[in-house]
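Asks: Dropping the structure in here first, questions after.
The values are calculated or read from the model by the stated rules, or taken from the named source; none is laboratory data. Treat the numbers as computed from the prediction; the structure is a model and nothing was measured. Glycine gets a Cβ as well: all are built from the backbone with ideal geometry, and neighbour counts include every protein chain shown.
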Amino acid sequence: MLENLWLIPAIPFAGFFILAVLGRRLPRVAAAWIGTGSIGLSALLAILVGIRYLSAPPEGYAFRQTLWQWIEVAGFSPSISFYLDSLSLVFILIITVVGFFIHLYSIEFMEADEGLKRFFAYMNLFVGAMLTLVLADSLVLMYLGWEGVGLGSYLLIGFWYQEPANGYAARKAFVMTRVGDTAMALGLFLLFTSFGTLDISTITAAAPQQWRPGDQLAVWAALLLLGGALGKSAQLPLQTWLPDAMAGPTPVSALIHAATMVTAGVYLIARMHAVFELAPSVMALVAIIGAATLLLAGFSALTQSDIKRVLAYSTISQIGYMFLALGLGAWSAAVFHFFTHAFFKALLFLGAGAVILAMHHEHDMFKMGGLWKKMPVTFWTFLAGSGALAALPLITAGFYSKDQILWYAWAGERGNSWLWAAGMLGALITAAYTARMVILTFFGDMKQEPDKRPGVLIKIPLIVLAVLSIIGGFVEMPHNMAAVHLFSDWLGTALPAIHVEESLQASEFLLQLAAAATVFAGLFIGYWFYLRRPELAASAHRSFAGLHRFWFQGWGFDWLYERLFIRPFTWLAAVNRADVTDYIYTALAKGNESLYHIFSRTQTGQLRWYAFGIGVGALIIITLIAMS
């Protein structure tokens, strides 16, 4: 079964090829099911491969499959090879299974869209590129998948390109992630010059022997790889593209935010953990960036009125928790939060899409309300996802993954009280904006009657993802609750374990109580301000209008980048239009234009003048030959 690994990314690419070449000739329903079926087959195969991997692990808990030699230049000979271990298996299962339910949902959501065939072709391309990224056994093949994901996100974010704002959002995402991609490319050059290869296994094995902790080359390599991760995962300071990416259809938002693109940076750092562990200062920077990002994005989520933008800032914040865990060296905790986050964030986006579809494509939560009786399936499933996002204690998957990160932030060997406090404050904010989102959307007075109820193809993904958002966390329980460490034990074959200070282990229960109290406090704040006493929220908005606007605009990063980068660049471009070099080429063009006008006058249309010209030319040629 493991020999069929190559089919997992190949099938989505085949679906893309069929839809791209034959899409115009296919019926709309057939195109939708081809796109969905290709991901379904890939998911089924991933599950079978996972069962085979777990029941009979390969030697060294890793399986490598080489398909063919890619290129060979001056000793550099990367191949098209896939690498399966416990880390890549987690990612391919999430990408394909969650991706399948998003595709299934899309059949109904996009049924009336004239670009349906193009939509499913782009979605298949996007999933195939992400699978290539996480299965690649070399950094050069990973970079190919990395760029494929960037292309797919550009096409999907700008899918409704007729609106200029959507095209702008797509370009913004492409350019901002390109900044990080450039840093990553430089990091690959540095790694190749240091090790003579871009094979991931070779680098991770050789790095500890060739570099000492704190070595300058290790620090620079980790920093450059971190730059790529920050761009793709929308972390400070390259986070501003993600809220604008909501311009794409809702299934696109679910796919980008839950299972694919924004988690690529998490995968990159986890996969290259051997390099990052040799750069302790960069590890500390990763943790600080994660802590700062989760707070800044959380405060921005508190002020949004568009339900999809609330979820977008929420994604930035939750990825911040993953970066915090990565910086702490809690590798399995970061991947565990990715695992649970994929379920509840996909569920929340798909639930939001069902509401938007029913509310005449309205995105403003303040124009919704009172929907819990009208849309019961959407409400209860959305509530399950919201509980997981807020980390409702004991009964949701989000609690177990977030609690683990908070525990390591306090008791881990790289943890400290400041990082723990940032995570706790983030948990309070998350619970508050989650309660606000649910209350404004489903409770209170109904602002308008929904005109469309979700059908079975929308309900099935919502129900399945709701169940996974509840039970998905039980594969990894806190140390003081149950001896269930299936997830970390599984990942332990690919990622190193984190060490906990023994003197702090007795405080775990108190920290869990504090975390639970924080979550309930945040939920109460949302309840009190937006359901019990909504006039208090309005009063706070008026009293802190400037701060509200500052957070609403994403802490002014777009304003800052406009003045630091965009305006100087456009000014230089305007100046460059009239520099000395341009005068040279302008003169050449003017000279050619003048010669054209001169020679065009010889085209009189009179045959005798043409004959005269031929005769004079022949005479000149004969004379020159005779003189030579």
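Asks: Hey, among Ala411, Ala391, Ala435, Ala421, which residue is modelled with pLDDT of 90 or more, in contact with a Leu (Cβ under 6 Å, 6 or more places away or on another chain) and under 21 Å from Ala301 (Cβ atoms)?
Replies: Unique residue meeting the criteria: Ala435.
Asks: Could I ask something else about it? Taking the residues in region 277-289 that are over 21 Å from the mean Cα position of the chain (by Cα) and small (Gly, Ala, Ser) as candidates, determine which candidate is surrounded by the most Cβ atoms within 10 Å (Cβ to Cβ).
Replies: It comes out as Ala279.
Asks: If Lys402 meets every condition in (1) touching a residue at least 60 places away in the same chain (Cβ under 8 Å); (2) touching a helix residue (DSSP H, G or I) at 6+ places or on another chain (Cβ under 6 Å) apart from one, which number is that one?
Replies: Single failed check for Lys402: (2).
Asks: Against the definition (buried (at least 24 other Cβ atoms within 10 Å of the Cβ), at pLDDT 95 or above and in contact with an Asp or Glu (Cβ under 8 Å, 6 or more places away or on another chain)), how does Phe344 come out, yes or no?
Replies: Values: buried (at least 24 other Cβ atoms within 10 Å of the Cβ): yes; at pLDDT 95 or above: yes; in contact with an Asp or Glu (Cβ under 8 Å, 6 or more places away or on another chain): no.
Answer is no for this residue.
Asks: Looking at (1) surrounded by 10 or more Cβ atoms within 10 Å (Cβ to Cβ); (2) without any contact (Cβ under 8 Å) to a residue 12 or more places away in the chain, which is the one condition that is false for Trp555?
Replies: Condition (2) is where Trp555 drops out.
Asks: Another question, if that's okay. Please verify whether region 464-481 includes one or more residues that are without any contact (Cβ under 8 Å) to a residue 12 or more places away in the chain, in contact with an Asp or Glu (Cβ under 8 Å, 6 or more places away or on another chain) and not assigned by TED's automatic domain parsing to the domain that holds Leu255.
Replies: No, region 464-481 contains no residue that is without any contact (Cβ under 8 Å) to a residue 12 or more places away in the chain, in contact with an Asp or Glu (Cβ under 8 Å, 6 or more places away or on another chain) and not assigned by TED's automatic domain parsing to the domain that holds Leu255.
Asks: Taking Gly522 as the residue in question, decide whether it is under 25 Å from the mean Cα position of the chain (by Cα), more than 30 Å from Ala62 (Cβ to Cβ), of a type in the set (Gly, Ala, Ser) and assigned to a helix (DSSP H, G or I).
Replies: No, not satisfied.
Asks: Could you tell me which of the residues Ala270, Ala292, Ala274 is part of a helix (DSSP H, G or I) and surrounded by 24 or more Cβ atoms within 10 Å (Cβ to Cβ)?
Replies: So the residue among Ala270, Ala292, Ala274 that is part of a helix (DSSP H, G or I) and surrounded by 24 or more Cβ atoms within 10 Å (Cβ to Cβ) is Ala270.
Asks: For region 485-513, give me each residue that is in a loop (DSSP other than H, G, I, E, B) and at pLDDT 85 or above.
Replies: Hits for region 485-513 are Gly492, Thr493, Ala494, Leu495, Pro496, Ala497, Ile498, His499.
Asks: Can you tell me which residue in region 21-56 is surrounded by the fewest Cβ atoms within 10 Å (Cβ to Cβ), limited to those that are of a type in the set (D, E, K, R) and in contact with a helix residue (DSSP H, G or I) (Cβ under 9 Å, 6 or more places away or on another chain)?
Replies: The qualifying residue surrounded by the fewest Cβ atoms within 10 Å (Cβ to Cβ) is Arg24.
Asks: For residues that are over 10 Å from Gly522 (Cα atoms) and among the polar types (S, T, N, Q), scanning just region 402-442, find the one that is surrounded by the fewest Cβ atoms within 10 Å (Cβ to Cβ).
Replies: Ser417
Here's the yes/no breakdown for (1) over 26 Å from the mean Cα position of the chain (by Cα); (2) closer than 17 Å to Ile307 by Cβ:
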position	(1), (2)
Leu348	no, yes
Ile356	no, yes
Leu383	no, yes
Glu413	yes, no
Thr434	no, yes
Ile439	yes, yes
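Asks: Name every residue in region 547-574 that is closer than 17 Å to Tyr313 by Cβ and either outside any helix (DSSP H, G or I) or among the charged types (D, E, K, R) (or both), in order of residue number.
Replies: Arg549, Gln553, Asp558
Asks: Quick one: which of Gly320, Gly329 is in contact (Cβ under 8 Å) with a residue 40 or more places away in the chain and under 26 Å from Met246 (Cα atoms)?
Replies: Gly320
Asks: Can you confirm whether Pro450 is touching a Lys or Arg at 6+ places or on another chain (Cβ under 6 Å) and on the phi < 0 side of the Ramachandran plot?
Replies: So Pro450 fits the description; yes.
Asks: Also: Just to be sure I understand, how many residues within region 466-484 are surrounded by 17 or more Cβ atoms within 10 Å (Cβ to Cβ) and in a loop (DSSP other than H, G, I, E, B)?
Replies: Count: 2.
Asks: Give me a count of the residues in region 1-20 that are surrounded by 19 or more Cβ atoms within 10 Å (Cβ to Cβ) and not in a helix (DSSP H, G or I).
Replies: Residues in region 1-20 being surrounded by 19 or more Cβ atoms within 10 Å (Cβ to Cβ) and not in a helix (DSSP H, G or I): 1 in total.
Asks: Applying the selection to region 57-84, what residues are out of contact with any helix residue (DSSP H, G or I) (no Cβ under 6 Å at 6 or more places or on another chain) and in a loop (DSSP other than H, G, I, E, B)?
Replies: Within region 57-84, Pro57, Pro58, Ala62, Trp70, Ile71, Glu72, Ala74, Gly75, Ser77 qualify.
Asks: Any chance region 233-241 includes a residue that's at negative phi, part of a helix (DSSP H, G or I) and within 18 Å of the chain's Cα centre (by Cα)?
Replies: Checked against the condition, which is being at negative phi, part of a helix (DSSP H, G or I) and within 18 Å of the chain's Cα centre (by Cα), region 233-241 yields at least one hit.
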